[in-house]
Each structure stands twice: as C-alpha cells, then as structure tokens.
Amino acid sequence: MSLNIPEHLRVYVNLTEQEDMINLFKCPVCSFRTQLGPGALRMHLLLKSDPMVETQYDPAHEEYMKTTEFTIETVKELAVFPKNELKWAR
Ligand SMILES: [Zn+2]
C-alpha cells in the first residue's frame, strides 16, 4: 500500500522501497537527511535560514523559507504518516 502523501509534502520525504512508510525526512535545498522526524527538519530549515546563526546560515535556505511555509502545521501534517520505526530503533 502506497502512502498518500500530499503533493506539497512529497519534497520533504523519502519513502521506503515498499512506499508504505517514510524512511527519511529530507531538506529540499541541500543534502541534509534526518530520521529524527519532521520537527528536526523544520529546525534545520530555521537555523539555516537565520543570518543570526552564523555557523549555520545559508542564503539559499533563507530564500527557500521566504517562499515556503514550513510551519508547525507542516510538521503536524507530516507527523501523521507512518515512519520506519524499526530501522530507527536500531
Ligand atoms: Zn538544508
């Protein structure tokens, strides 16, 4: 059974081979990947977008976040889909 992930959210996820679970969350701007969940991805985007965070800041991320709403609501939307928990527990 394939996950019915809305089009606007697909850019943030990698599915398992069977496409029945989210395998990884991914940054649409860089090669950042995380298994820690959508909240961790949002934190990555926020830190990378903030010029005050000098060690993390990246203009491409800031530009992306200006045009894209990756809010707490987005995190909640992503959080309802099943994740590859078995893999994460290892
Ligand atoms: Zn990134």
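The values are calculated or read from the model by the stated rules, or taken from the named source; none is laboratory data. It should be emphasised that the depicted structure is a prediction, and the values quoted were computed from it without experimental measurement. Positions of Cβ are backbone-derived with ideal geometry, glycine not excepted, and every protein chain shown enters the neighbour counts. Ligands, DNA and RNA are stripped out before the accessible areas are found, and what is left, the full protein with its side chains, is counted by its heavy atoms. Shrake-Rupley method; radii C 1.70, N 1.55, O 1.52, S 1.80 Å.
May I ask which residue of His61, Leu36, Val11 lies farthest towards the positive end of the charge dipole of the chain, with charges of +1 (Lys, Arg) and -1 (Asp, Glu) on Cβ and the Cα centre as origin? Checking the options against the dipole of the chain, the answer is Leu36.
Shown for the chain: the carbon plus sulfur share of the solvent-accessible area, taken with all protein chains present and a 1.4 angstrom probe, equals 54%. For a paramagnetic label modelled on Ile72 (point 7 Å from Cα along Cα→Cβ), amide N atoms under 17 Å away belong, within segment 1-40, to 38-40.
Per residue, the accessible area of the chain comes to 65 Å² when a 1.4 Å probe rolls over the protein heavy atoms. In terms of its Cα atoms, the chain spans 42, 29, 20 Å along the principal axes, sorted from long to short. Phi angles across segment 30-38 convert, under the Karplus curve 6.51 cos²θ - 1.76 cosθ + 1.60 with θ = phi - 60°, into 3J(HN,Hα) values of 10, 8, 4, 10, 9, 9, 7, x, x Hz, Gly and Pro given as x. Rounded to the nearest 20, the size of the Cβ-charge dipole of the chain about its Cα centre is 280 debye, with Lys and Arg at +1 and Asp and Glu at -1. For the chain, relative contact order (Cα pairs under 8 Å, six or more residues apart, normalised by length) works out to 24 percent. For segment 2-9, putting each phi into the Karplus relation 6.51 cos²θ - 1.76 cosθ + 1.60 with θ = phi - 60° gives couplings of 8, 5, 9, 7, x, 3, 5, 9 Hz, in residue order, rounded to whole numbers and with x for Gly and Pro.
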